[in-house]
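Below is one structure, written out as structure tokens, with a few remarks after it.
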Amino acid sequence: MLNNQKIAGYLSIASLALIGLYMIAVAINVVSRYGLNAPLAIISDMSEFLVPAALALAFPVAALSGSHLSLRFLGGFLGPRVTRWLNFLGRLATVVLLAVITWRLFHYAQYTLESSRASSLRNIPLWPVWAFVTLAMAAATLATLFAAPAETPSADKAEAGLE
């Protein structure tokens, strides 16, 4: 069965593969442009697809691996009970922010579909990539909401009287 870390690992590999594919395409374009004096227009369009998709995959990875930014130094001063409340409030703020971003991305994806927005050079429709980015952000929002919170071992030890 897949756990959060395995899913995050697979998404990380997919994101890195997209970035790697884009890097190879740019290298080929550089050789083609300067070596053969024949730039490849499709490479510029690829950036409009690969970069947003690769970056969008990083958000669910961060949510599933519990690697969102957190301020744990306050917990040492304020105690384990306050630490749990701060973690809860931070998680809630993250969920709200990701939900707003997802909502705005949904409207942008809808706009790209309705207005027939397309890539700069080859006129490839942009809505599929923005629909994918929206789904990735929705996954990040749900993962942040439902994934098990990151443990705070020092707070648990202090409450148990082990420190």
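Taking each residue as 0.36 nm, the span from R81 to V96 lengthens on full extension beyond its C-alpha to C-alpha distance by 3.1 nm. Over all distinct alpha-carbon pairs, what is the Kirkwood Rh of segment 4-160 in angstrom? One over the average 1/r among Cα pairs gives 18.0 Å for segment 4-160. Only Cα pairs under 8 Å and 6+ residues apart enter the sum, and on that basis the relative contact order of segment 100-148 stands at 38 percent.
Values quoted throughout were computed directly from the atomic coordinates according to the rules given, and no laboratory measurement underlies them. The structure presented is a predicted model; accordingly, all values stated were derived computationally and were not measured.
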